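Chemist: Before I ask anything, here is the structure I am working with.
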Amino acid sequence: MTKVCHMTSAHAPHDTRIFYKECMSLTRAGYEVYLVQRGESCEEAGIHVIGMGQPFGGRLSRMTSFSRKVYEAALALDADIYHFHDPELLPYGLKLKKKGKKVIFDSHEFYRLQIASKPYLSSWIAKWISRCYTHYEKHVLSAIDGVIFPCTIDGKNPFDGMCAHVALLNNTPLLQELYDVWEEREKPQITCCYVGGIRPDRGITQDVMACNHVEIPLILAGNYFSAEYKEHLYSLDRKHCIDWRGFLDRDGIREVLLESSIGLVTELNCGQNNIADNLPTKTYEYMSCALPVIISHSAYADRIIQEKQCGICVNPNNANEIAAAIQYLLDHPDEARQMGENGRRAVKEEFNWSVEEKKLLALYEEILSAPL
């Protein structure tokens, strides 16, 4: 049996994409799967989880000493193929390749752009780090066996020609997690929701202003970017619309979606947000639960929303435009309901992990059959 080792130093235990999608897909396909990650060791769903505890110190400590700890535990497993999920593990991917292993880098984000827009870095430092990262990433990719990325960028594969094997795996939802268990409920009130990190670049400031204008509740499920940002949002919340639920597990998120009426995905146009040829994962999750979506304009989003007729695109910087979209859905409940049904159909037919799983398994077969 082929032994596979997934490695992550940055992601939380049981990350949905890593554990429930990729690792479980590989286990079902007959691979012997190990996952080295934060937290405790356990055996679950046929996956051997090697827990490394929690990193101590800040971001720098995690990216150095803790990532090395993850690498050493992974190396000791002597797997046939290694699949790592964080850019800080790039040096260890290269080390594994030099030891004769087959290696895949799973680039969850377009890190070259994401680094350049980090809010905790000054502009010139972020650009310098981004340039250095880009150069090093290309060096590593030219040596290892495969790279995974969610989608094209403005119609082009950003890793084309950089690595021997490239796969585009959209981070779409598992049908059994939301779509299959969806149940139509009588909503006690009209409610917008947002699920994810509560940060300025996610457009939450404008969402709060919009919901105050329309005077409907806004459920926020996630952690605040900072105490200062939380205070700022509440200072804008004149109508007391914010209904903060904190960080929720998947069951909690499901409950939020089932009680909500509209899903908000108004990310600001920074980093890869307005050029990626996919929708944020939360959009597909909203659609799975028959929520019409209000989403930021982008070339891809405009096309998909028009094609699938499942929501409204808006300027994420314009709270009045977001409020107008919310009001439109409130004033046209039959159309809003049809948008929700259209979104569920699109998830069932196209935007689900069953489609992406085939691409993952094909990539593994290609790499394992190729010479070292």
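The values are calculated or read from the model by the stated rules, or taken from the named source; none is laboratory data. Owing to the predicted nature of the structure, the values given are computational and were not obtained by experimental measurement. Cβ: placed from backbone, ideal geometry, glycine included. Neighbour counts: every protein chain shown. Heads up: the accessible areas ignore ligands, DNA and RNA and are worked out on the full protein's heavy atoms, side chains in. Shrake-Rupley method; radii C 1.70, N 1.55, O 1.52, S 1.80 Å.
Chemist: Scan I125, I115, I144 and give me the residue that is free of Cβ contacts under 8 Å to residues at least 60 places away in the same chain, touching a helix residue (DSSP H, G or I) at 6+ places or on another chain (Cβ under 6 Å) and either among the aromatic types (F, W, Y) or farther than 21 Å from I18 by Cα (or both).
Modeler: I115
Chemist: If you go through segment 21-33 one residue at a time, do you hit one that is part of a strand (DSSP E or B), closer than 22 Å to G146 by Cβ and modelled with pLDDT of 95 or more?
Modeler: Looking through segment 21-33, at least one residue is part of a strand (DSSP E or B), closer than 22 Å to G146 by Cβ and modelled with pLDDT of 95 or more.
Chemist: Between a residue in segment 284-311 that is in a helix (DSSP H, G or I) and open to solvent by less than 20 Å² (accessible area, probe 1.4 Å) and any residue that is small (G, A, S) and modelled with pLDDT of 95 or more, which pairs come within a Cβ distance under 6 Å, given they are 6 or more apart or on different chains?
Modeler: Y286/G263; M287/G343; I305/G311
Chemist: Please state which of the following conditions R62 fails to meet, knowing it meets all the rest: (1) closer than 20 Å to G146 by Cβ; (2) part of a helix (DSSP H, G or I); (3) modelled with pLDDT under 95.
Modeler: Only one criterion is unmet by R62, namely (1).
Chemist: Quick test for you: out of D180, D154, D160, pick the one residue that is at pLDDT below 95, under 23 Å from S298 (Cα atoms), surrounded by fewer than 16 Cβ atoms within 10 Å (Cβ to Cβ) and more than 19 Å from the chain's Cα centre (by Cα).
Modeler: D160
Chemist: Follow-up question, since we're still on this one. Among the residues of segment 261-283, write down those that are of a type outside the set (G, A, S), farther than 25 Å from N320 by Cβ and not in a loop (DSSP other than H, G, I, E, B).
Modeler: Selection gives T281 alone.
Chemist: Please tell me if L258 is in a strand (DSSP E or B) and either touching a residue at least 60 places away in the same chain (Cβ under 8 Å) or open to solvent by less than 40 Å² (accessible area, probe 1.4 Å) (or both).
Modeler: no
Chemist: Can you tell me which residues in segment 312-323 are touching a residue at least 40 places away in the same chain (Cβ under 8 Å) and either open to solvent by less than 60 Å² (accessible area, probe 1.4 Å) or touching a helix residue (DSSP H, G or I) at 6+ places or on another chain (Cβ under 6 Å) (or both)?
Modeler: V314, P316, N318, A319, I322, A323 - these are the residues of segment 312-323 that are touching a residue at least 40 places away in the same chain (Cβ under 8 Å) and either open to solvent by less than 60 Å² (accessible area, probe 1.4 Å) or touching a helix residue (DSSP H, G or I) at 6+ places or on another chain (Cβ under 6 Å) (or both).
Chemist: Here is a check on your reading of the model: is G197 surrounded by fewer than 16 Cβ atoms within 10 Å (Cβ to Cβ) and under 25 Å from L236 (Cβ atoms)?
Modeler: When the stated conditions are applied, G197 passes them.
Chemist: If I filter segment 225-235 down to residues being within 28 Å of the chain's Cα centre (by Cα) and not aromatic (F, W, Y), which single residue comes out as least open to solvent (accessible area, probe 1.4 Å)?
Modeler: L233
Chemist: Tally up the residues in segment 353-372 that are farther than 21 Å from Y284 by Cβ, open to solvent by 40 Å² or more (accessible area, probe 1.4 Å) and either of a type in the set (K, R) or touching a His at 6+ places or on another chain (Cβ under 6 Å) (or both), please.
Modeler: Going through segment 353-372 one residue at a time, the tally reaches 1.
Chemist: Something else now. Are there any pairs, at least 6 apart or on different chains, whose C-beta atoms fall under 9 Å, with the first in segment 42-58 and under 15 Å from Y20 (Cβ atoms) and the second β-branched (V, I, T) and open to solvent by less than 60 Å² (accessible area, probe 1.4 Å), and if so, which?
Modeler: Sorted first by the residue in segment 42-58, then by its partner, the pairs are C42/V49; A45/T27; G46/T27; G46/V33; I47/T27; I47/V33; V49/V36.
Chemist: Further question on the same structure: Return a yes/no flag: does segment 355-365 have any residue that is touching a Gly at 6+ places or on another chain (Cβ under 8 Å) and of a type in the set (K, R).
Modeler: no
Chemist: Just give me the residues in segment 9-30 being of a type in the set (G, A, S) and open to solvent by less than 30 Å² (accessible area, probe 1.4 Å), in sequence order.
Modeler: Correct list: S9, S25.
Chemist: Follow-up. For segment 70-97, name all the residues that are assigned to a loop (DSSP other than H, G, I, E, B) and not small (G, A, S).
Modeler: L77, D78, D80, H85, D86
Chemist: For segment 176-194, name all the residues that are of a type outside the set (S, T, N, Q) and farther than 17 Å from I326 by Cβ.
Modeler: Once the filter is applied, which keeps residues that are of a type outside the set (S, T, N, Q) and farther than 17 Å from I326 by Cβ, segment 176-194 yields E177, L178, Y179, D180, V181, W182, E183, E184, R185, E186, P188.
Chemist: Let me ask something else. What number of residues in segment 216-236 are within 17 Å of D201 (Cβ to Cβ) and assigned to a helix (DSSP H, G or I)?
Modeler: Residues flagged as within 17 Å of D201 (Cβ to Cβ) and assigned to a helix (DSSP H, G or I) within segment 216-236 amount to 6.
Chemist: Now, a different point. So if I check each of E350, E335, which one is within 26 Å of R254 (Cα to Cα), under 18 Å from the mean Cα position of the chain (by Cα) and surrounded by fewer than 22 Cβ atoms within 10 Å (Cβ to Cβ)?
Modeler: Going through E350, E335 in turn, the sole match is E350.
Chemist: So, of the residues in segment 163-177 that are closer than 30 Å to A370 by Cβ and assigned to a loop (DSSP other than H, G, I, E, B), which turns out to be most open to solvent (accessible area, probe 1.4 Å)?
Modeler: Per the criteria, the residue is A164.
Chemist: Determine whether segment 125-133 contains at least one residue that is assigned to a loop (DSSP other than H, G, I, E, B), surrounded by fewer than 22 Cβ atoms within 10 Å (Cβ to Cβ) and among the aliphatic types (A, V, I, L, M).
Modeler: Looking through segment 125-133, none of the residues is assigned to a loop (DSSP other than H, G, I, E, B), surrounded by fewer than 22 Cβ atoms within 10 Å (Cβ to Cβ) and among the aliphatic types (A, V, I, L, M).
Chemist: In segment 59-76, which residues are farther than 20 Å from E109 by Cβ and open to solvent by 30 Å² or more (accessible area, probe 1.4 Å)?
Modeler: S61, T64, S65, R68, K69, E72, L75, A76
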